[in-house]
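Okay, structure first, notes after.
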């Protein structure tokens, strides 16, 4: 079994939880309150700026020229193409800064980029591609017409065949690197992949509860 097939199977439980999240379900059927969506977009803009730095580091660590070019283009896409969707959806919205979950997720990715191997870094960035492509495709299939859907532009961005092609490229890189690596490195790749999947789940969950740094008595992070 390839690394990606194995990693996808191992994280089946996390993916099932993602589809049960109120945020994802409401996003899919169009009932998601606009303030929740805008809050999510504000946080995703923070995430993408750091993710672009991580992809740029992946380009610097790449062991073949094709990977270097791919991840360099991905870094540009994160800050330019996808940022345009955020600007159109969250312009003028209050920005409280990165949430606790956004901070934790990007810190994990940045640390992986700086301290771990290229193989581990590719495994860590893969869930952002793969889970969004999967969610976008599933929600697109459920929607009757994206042009009539209140969040059709978001769904269409991640259901786009070009995005799936990019996802397939990262999967191929991960499989190649795993095949060239020893068991210890592959184990670490699985750990990075699984943790990134869990952060993706928590990112959508945090958007639903409007997670913030404000605290209630007892030190619990504030939610509505």
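The values are calculated or read from the model by the stated rules, or taken from the named source; none is laboratory data. It should be emphasised that the depicted structure is a prediction, and the values quoted were computed from it without experimental measurement. With ideal geometry, Cβ positions are generated from the backbone for all residues, glycine too; neighbour counts draw on all protein chains shown.
Enumerate the pairs (first residue in the stretch 137-152 and in contact (Cβ under 8 Å) with a residue 60 or more places away in the chain; second residue anywhere and surrounded by 15 or more Cβ atoms within 10 Å (Cβ to Cβ) and not in a loop (DSSP other than H, G, I, E, B)) with beta-carbon separation below 6 Å, excluding pairs fewer than 6 apart on the same chain, so at least 6 apart or on different chains.
139/28; 139/155; 142/28; 151/27
When residues of the stretch 137-163 are filtered for being crowded, with 20+ Cβ neighbours inside 10 Å and not in a loop (DSSP other than H, G, I, E, B), how many remain?
5
Can you name the residue in the stretch 179-198 that is buried (at least 21 other Cβ atoms within 10 Å of the Cβ) and closer than 19 Å to residue 115 by Cα and, of all such residues, is nearest to the chain's Cα centre (by Cα)?
Our first condition is that a residue be buried (at least 21 other Cβ atoms within 10 Å of the Cβ); within the stretch 179-198, this holds for 189, 192-193, 196-197.
Subsequent filtering for residues that are closer than 19 Å to residue 115 by Cα retains 189, 192-193, 196.
Working: 189: 17, 192: 13, 193: 11, 196: 8 Å.
Top of the filtered list is 196.
Only one of these conditions is not met by residue 32: (1) modelled with pLDDT of 95 or more; (2) surrounded by fewer than 14 Cβ atoms within 10 Å (Cβ to Cβ). Which number is it?
Only one criterion is unmet by residue 32, namely (2).
Test of understanding: among 7, 72, 60, which residue is touching a helix residue (DSSP H, G or I) at 6+ places or on another chain (Cβ under 9 Å), surrounded by 20 or more Cβ atoms within 10 Å (Cβ to Cβ), in a helix (DSSP H, G or I) and at pLDDT 95 or above? Before you say what the answer is, go through the steps one by one.
On the way: 72 fails: surrounded by 20 or more Cβ atoms within 10 Å (Cβ to Cβ); 60 fails: surrounded by 20 or more Cβ atoms within 10 Å (Cβ to Cβ).
7 is the lone residue from the list that is touching a helix residue (DSSP H, G or I) at 6+ places or on another chain (Cβ under 9 Å), surrounded by 20 or more Cβ atoms within 10 Å (Cβ to Cβ), in a helix (DSSP H, G or I) and at pLDDT 95 or above.
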